[in-house]
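Following this message is one structure expressed as structure tokens.
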Amino acid sequence: KARNPGRYKQIRDTIIGTTPAGYLGCVAAIRNFDFIARLPSVKLPVLVVCGADDAGTPPDANRRIASLVPGGRYEEMANARHFPNVEHPDTFNRIMMGWLNAQR
């Protein structure tokens, strides 16, 4: 919040602007979605980036996702929660650009 108040306000406004029906619809859509069994069949390159302090989608779960995709890669960002790309954009961009360049 202190590092980038403008971006914080954008994210906060998006969350506040979500209607209860919209939020409940999203929760209902993902609540019972279990894709784990399908991950070994993914044929595309996969990068999973996770904040080390993300309580909603914890590192162990994200690490497992990456490990189940053939050739999947996992990157964990220290001192980051659910929005590591916003919390530490330079680090996130370095990770993402390195991975994208490796896919060429």
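The values are calculated or read from the model by the stated rules, or taken from the named source; none is laboratory data. None of these values were measured; they are calculated from a predicted model. Backbone-built Cβ (ideal geometry, glycine too); neighbour counts: all protein chains shown. All accessible areas refer to the heavy atoms of the entire protein, side chains included, with ligands and DNA or RNA removed. Shrake-Rupley method; radii C 1.70, N 1.55, O 1.52, S 1.80 Å.
For the charge dipole of segment 1-46, defined by +1 on Lys and Arg C-beta atoms and -1 on Asp and Glu C-beta atoms about the Cα centroid, which residue among 28, 8, 40 has the Cα displaced farthest towards the positive pole?
Of the options given, the answer is 8.
Would you indicate which of [x] 1.03; [y] 1.22; [z] 1.45 is the value of Cα Rg over 2.2 N^0.38 Å derived from the coordinates of this structure?
The listed entry that was calculated here is [y].
Using Cα-Cα distances under 8 Å and only pairs 6 or more residues apart, what relative contact order does the chain have, in percent? Kindly include the intermediate steps, with their values, before the conclusion.
Details: 107 pairs, mean separation 22.5, N = 104.
Relative contact order comes out at 22 percent.
Write down, largest first, the equivalent ellipsoid semi-axes of segment 43-104 in whole Å, where each equals the square root of 5 times an eigenvalue of the alpha-carbon gyration tensor.
Values: eigenvalues 71, 51, 8 Å².
So the equivalent ellipsoid measures 19, 16, 6 Å along its semi-axes.
Considering only protein heavy atoms and a probe of 1.4 Å, how much of the accessible area of the chain is carbon and sulfur, as a whole percent?
Details: 4460 of 7670 Å².
Here carbon and sulfur together make up 58 percent of the probe-accessible area.
I've got another one for you. Would you mind checking which residues have amide H under 5 Å from residue 42's amide H? H placed 1.01 Å from N; only 5 or more apart, or other chain.
none
Also, I was wondering about something else. Excluding residue 59 itself, calculate the net charge of residues whose Cβ lies under 10 Å from the Cβ of residue 59, where each Lys or Arg counts +1 and each Asp or Glu counts -1.
Working: positive: 63, 64; negative: 53, 54, 60, 76.
For residues surrounding residue 59, the net value is -2.
I would also like to ask the following. When the dipole is taken about the Cα centre of the chain, and only Lys, Arg (+1) and Asp, Glu (-1) are charged at their Cβ, what size is it in debye, to the nearest 20? Mind dumping the intermediate values first?
Values: 14 positive and 9 negative charges, 44 e Å.
That gives a dipole near 200 debye.
Counting only heavy atoms of protein chains, what accessible area per residue, in Å², does segment 4-104 have with a probe of 1.4 Å?
About 72 Å² of surface per residue is accessible.
Given a Förster radius of 30 Å and the C-beta distance between residue 8 and residue 67 as r, what FRET efficiency does 1/(1 + (r/R0)^6) yield to the nearest 0.05?
Numbers: r = 33 Å, r/R0 = 1.10.
After rounding to 0.05, the efficiency reads 0.35.
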